[in-house]
Amino acid sequence: MALLRDVQDYSRQHRLLEKGELVVVGVSGGPDSVTLLHVLKTLPLCLSLHVAHLHHGIRGADADADADFVAALAAAWGLPCTIERADVPALARREKLPLEEAARRARYAFLGRIAQQNGAYKIAVGHNADDQAETVLMHLLRGAGPAGLRGMLPRTCLSDYHLLTLPAIFAPELTVIRPLLATPRAAIVQYCEAHALETRSDLTNLDTTLFRNRLRHEVLPYLADINPRIAQRLRHLAEVVRADYDLLQEFIHVAWDALLLEARDDALLFNLRGWREQPLATQRALIRQAAYHLRCTLRDVDFVHIENALHVALHGDVGAEATLPRGLRLMVGYTTLTIADHRAHHLPPEQPWLPPGATIPLSIPGVVELPGGWTLWAQPADHWDRMAVAENNNPFAAWVDATALSGAAYLRTRRPGDRFCPQGLGGAEVSLSDFLINAKVPRAWRDHLPLVEAGGRLLWVAGLRLSEAALVRPDTAGVVALRFQEPQEQKAYGD
């Protein structure tokens, strides 16, 4: 029969099956999964098949009957079978997921576990060509990127799925295959009739309050009135995007390896300048990939989130932030671009920090050691040029009027009630808290910022602004050079 030949050709094209291997087959009892099981049993590959069925705990007696039907079918065909029950409604409530999504995740986790218990490396599911068209349209309407517009893939590593169970528990070789993905639903119905295959009907598939069912029964038929080949067009779109996506992934892997500076459980740090030099598609993809890396259960990141994060990463000042899904945020540092859990109090390593409440005496000349290997050098500047002082573009170096440092000097963090006379306001005093807010310094950073105080006055908010009282002027008699040194700079500076 044509369907059998087509499935065999499709499986060969995408290297889905090998002769004699063990395959776990997800069987719901519907026409797609029953046809899949019959085809795999009929193919001349001598496959060992294990039937797996998950009762979702949703449809009462109908679901019980489905489980009984699958068990009887497996027994009639002489195939081993595992049937389990899950409380998907409770799972959906606990994980705050739509019922359909909770069922999908529970089902794949179940299939993966059964495969590993039986030593199988393939899981076959019965998605067909019409399912593929619905999936692409669904992802398009949800604003998915290229990963979503690929639709379902002929073969996917189960560890790539965004499940409720950590992917690390699954062997990397464990693969989900879809031998019927190029087969239209109508051909499957004909196959069942031709082989007198008994199947079950799930009445919830007619419930148009569910998103996918509404697409199937209302939206796609409406679009087919405009273009009768709409389902085929959507499948072709998936094929084209899949090939483009694979090419893009090659560039992303190279860029990721080149730009990733640090990877932690709750944060990823990228080279900001290098990221900004990437093509637009790579910039978007790196943000999206970072979100998936930190949130393994995240299925997609929509266009709005990506574009907002992209704008902040390209044009934001130091400290600028953008919100990403599932409690993630993007943050702009001096030289880094960080994507992290919003609860992570991440301090960019490319600048100096102090523990909250720190107060360290500052001698001139003198050296103060900071966490992270940074040091603050304070030295009288015997030879200084006012033009060079005015053109200083290092936010962590400052030339200060020596008279302003004549009192007791300290390096410290902020305290309640701190006030400051920022350069450029003509001596006007402002609350340090208001200044930091206006400078868009993230809240988590503010208690760690190094401040230089002398004679009871704040003279320098390191990395941001000098005080008017500290400025070098034409009549300045002496100057002190303050400079924060990164660990790799210290030897050269000290020598």
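The values are calculated or read from the model by the stated rules, or taken from the named source; none is laboratory data. Keep in mind it's a predicted model, so treat the numbers as computed, not measured. Here the Cβ positions follow ideal geometry from the backbone for every residue, glycine too, while neighbour counts run over all protein chains shown.
In table form, for the structure just shown:
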{"item": "Any hit, region 399-410, residues being free of Cβ contacts under 8 Å to residues at least 60 places away in the same chain, in a strand (DSSP E or B) and either buried (at least 18 other Cβ atoms within 10 Å of the Cβ) or not assigned by TED's automatic domain parsing to the domain that holds ARG273 (or both)", "result": "yes"}
{"item": "Residue in region 51-66 that is of a type in the set (D, E, K, R), in contact with a Phe, Trp or Tyr (Cβ under 9 Å, 6 or more places away or on another chain), touching a residue at least 24 places away in the same chain (Cβ under 8 Å) and surrounded by fewer than 21 Cβ atoms within 10 Å (Cβ to Cβ) present", "result": "no"}
{"item": "Unmet requirement for LEU220, which otherwise passes all of (1) under 20 Å from ARG150 (Cβ atoms); (2) outside the structural domain of ALA144 (by TED's automatic domain parsing)", "result": "(2)"}
{"item": "Test: residue in region 337-356 that is exposed (fewer than 15 other Cβ atoms within 10 Å of the Cβ), within 27 Å of ASN271 (Cβ to Cβ) and among the aromatic types (Phe, Trp, Tyr)", "result": "no"}
{"item": "Residue in region 478-491 that is surrounded by 13 or more Cβ atoms within 10 Å (Cβ to Cβ), touching a His at 6+ places or on another chain (Cβ under 7 Å) and not polar (S, T, N, Q) present", "result": "no"}
{"item": "Count - residues of region 114-125 that are in a helix (DSSP H, G or I) and either among the hydrophobic types (A, V, I, L, M, F, W, C) or free of Cβ contacts under 8 Å to residues at least 40 places away in the same chain (or both)", "result": "3"}
{"item": "Answer residue from region 428-454, given it is over 24 Å from GLU369 (Cβ atoms), out of contact with any Lys or Arg (no Cβ under 8 Å at 6 or more places or on another chain) and in contact (Cβ under 8 Å) with a residue 12 or more places away in the chain and is surrounded by the fewest Cβ atoms within 10 Å (Cβ to Cβ) among those", "result": "LYS440"}
{"item": "Some residue of region 18-32 being in a helix (DSSP H, G or I), modelled with pLDDT of 95 or more and within 26 Å of ALA196 (Cα to Cα)", "result": "yes"}
{"item": "Yes/no for ALA103 being of a type in the set (Gly, Ala, Ser) and either in a loop (DSSP other than H, G, I, E, B) or surrounded by fewer than 19 Cβ atoms within 10 Å (Cβ to Cβ) (or both)", "result": "no"}
{"item": "Residue count, region 283-307 (criterion: touching a Leu at 6+ places or on another chain (Cβ under 8 Å) and buried (at least 18 other Cβ atoms within 10 Å of the Cβ))", "result": "10"}
{"item": "Identity of the residue in region 172-223, of a type in the set (Gly, Ala, Ser) and surrounded by 14 or more Cβ atoms within 10 Å (Cβ to Cβ), that ends up nearest to ALA63 (Cα to Cα)", "result": "ALA187"}
